[in-house]
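Some notes on the structure that comes next.
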Amino acid sequence: MNNSSYSLNRRRFLTGLGVIGAGSLASASLLGSARTALASGMIGKNKEDVLLVIDVQNCFLPGGTLPVSDGDQIIPLINKLGQQFENVIFTQDWHTPGHASFASSHAGKAPFETIELDYGTQVLWPDHCVQGSDDAKLAAGLDIPHAQLIIRKGYHSEVDSYSTFVEADGETKTGLTGYMQERGLKNVYVCGLATDFCVSWSAQDARKAELNVSVIEDACRAIDLNGSLEAAWSAMEAAGVSRMQSSDILSS
């Protein structure tokens, strides 16, 4: 996908115009693979499986600078999921002070308004997850000591990065795709915050990297800004992302 197409898809998503469809052949194929894994009771035990924990940080929890409703409630569940996986990766929003995605960086703008930047439509957020702050730290309740990688995103001051694979310009890579390829990690199970932004974009970009992707719905929480949650699930379905529950893994 070229940069113009990537920006167009971002704009459609952010304005609640994500394509709603019945799913693709790729989606059906992935669902079949997921059912096979469920039947075998091997999710997380396969060396090609990885649990990708998106942005479970203080800033997105109650009391943080950009709290996601009930965001703290998924932490015990994520810890249980982590016990099932040999491979676990954390991601971390890591913004510079005065980041371009902050409403405070644009005179006369308020949080949750949108502007046009070089790469397309940008939602403006309250200042959050500023590098080195307590707000940006991973939640203290996370207890997955065997996690192998913390990958940071959004640290370029002029470009936001919902996805932990590719930044919002559609071109700048974080390096996570290469890491997964070198480690032989092919089956990605995504959880964390927030479903309709960083989880969704990470899941879609993982599919573009030809990885098998499932989002664990009850181990995520959403912002749901102007219909963004429905649009996100529609976009993920169209990309071939599977939708599952934690019980599908913990009871296997």
- Amide N proximity, the range 224-238 versus THR114 label position 7 Å along Cα-to-Cβ, cut-off under 18 Å: 224-236
- Task: Work out, step by step, the length gained on full extension between ILE151 and SER69: first 0.36 nm times the residue separation, then minus their alpha carbon distance; give nm to one decimal.
- Result: 27.1 nm
- Task: Translational diffusion coefficient, Stokes-Einstein: compute it for the range 88-204 using the Kirkwood radius over C-alpha pairs as Rh, at 4 °C and 1.567 mPa s, and state it as an integer in µm² s⁻¹.
- Result: 86 µm²/s
- Task: Name the lysines eligible as straight-distance cross-link partners of LYS80: C-alpha to C-alpha under 26 Å, and not fewer than 8 places from it in the same chain.
- Result: LYS45, LYS47, LYS137, LYS153, LYS186
- Query: the range 40-78 to the range 97-139: how many Å between their Cα centroids?
  - Reply: 22 Å
- If you take the beta carbon distance between ALA140 and THR96 as r and set R0 to 25 Å, what does 1/(1 + (r/R0)^6) give as a FRET efficiency, to the nearest 0.05? 0.55
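Subtracting the Cα-Cα distance from 0.36 nm times the residue separation, let me have the gained length for SER133 to GLN245 in nm, one decimal.
Details: separation 112, 0.36 × 112 = 40.32 nm, distance 3.27 nm.
Gain in length upon complete extension: 37.0 nm.
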- Query: If you take the charge dipole of the range 131-209 about its Cα centre, with +1 on Lys and Arg Cβ and -1 on Asp and Glu Cβ, which of HIS156, ALA206, GLY192 is farthest toward its positive end?
  - Reply: ALA206
- Pseudo-spin-label distance SER104 to GLN181, built 7 Å along Cα→Cβ, given in nm, is 3.9 nm
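We did not get these values from a lab; they are worked out from the coordinates using the rules stated. What you see is a predicted model, and the numbers here were worked out from it, not measured in a lab. Note that each Cβ is placed from the backbone with ideal geometry, even for glycine, and that neighbours are counted across all protein chains shown.
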